[in-house]
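Got a structure for you, questions after.
The values are calculated or read from the model by the stated rules, or taken from the named source; none is laboratory data. This one's a predicted model, so the numbers in the text were calculated from it and none came from an experiment. Cβ atoms come from the backbone with ideal geometry, glycine included; neighbour counts cover every protein chain shown. Please note that ligands, DNA and RNA were not included when accessible areas were found on the heavy atoms of the full protein model with its side chains. Shrake-Rupley method; radii C 1.70, N 1.55, O 1.52, S 1.80 Å.
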Amino acid sequence: MHDHPMTPAQQRRIGLVIVALSTSSSVAILLLIPLVSGLVSLLRDVLSVLILPFSLMFGMSGTSVDQSSALSQIIDSMGHGAGQHPLRTAAGAVIGIGGAFAFVMAERVGGRLAYITAMVATGVAMGLCGFPVAAFLLPAILTEGIFALSPPATDGQTSG
């Protein structure tokens, strides 16, 4: 078996795939949390309207309140409050996408400064989005950090 070292082009492709997958999954989660939260809220309202006639006819007081409070707990626990800070969440998503864009530009331009910029942008996005989404951005920031410490050679240049 021959041991073939990875070429710089292969390293760059793998880095791009990791950063793109990590960033896109985090942005998808940030977009899905308000959507699912809205659907559960709509379900809560529909159930309370459907139960109203039965509570009036059969004296089932408290049933709609119990289901409404259970659905409210589901809504509150989704995203650990991401719906309460939509501007912060949106800013985190935009900055995360900006970090991925900076990483792509670093691949074209080269140099440590562009990689460090991508890493800082991803770190800010992690701080703005909170722990659940930060877990999805962890592979991106680790990849950007590795590339900032040791950027792959570009077109005939040596690494460093």
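Residue check, His85 against (1) at pLDDT 80 or above; (2) surrounded by 14 or more Cβ atoms within 10 Å (Cβ to Cβ); (3) under 20 Å from Thr122 (Cα atoms), all met but one. Which one?
Going through (1) at pLDDT 80 or above; (2) surrounded by 14 or more Cβ atoms within 10 Å (Cβ to Cβ); (3) under 20 Å from Thr122 (Cα atoms) one by one, His85 breaks only (1).
Among the residues that make up region 4-13, is at least one of them open to solvent by less than 80 Å² (accessible area, probe 1.4 Å) and under 26 Å from Ala90 (Cα atoms)? Even if it seems obvious, please write down each step before you answer.
Restricting attention to region 4-13, the residues satisfying the condition of being open to solvent by less than 80 Å² (accessible area, probe 1.4 Å) are 7-12.
Going one step further and asking which of them are under 26 Å from Ala90 (Cα atoms), we end up with none.
Taking every residue of region 4-13 in turn, none turns out to be open to solvent by less than 80 Å² (accessible area, probe 1.4 Å) and under 26 Å from Ala90 (Cα atoms).
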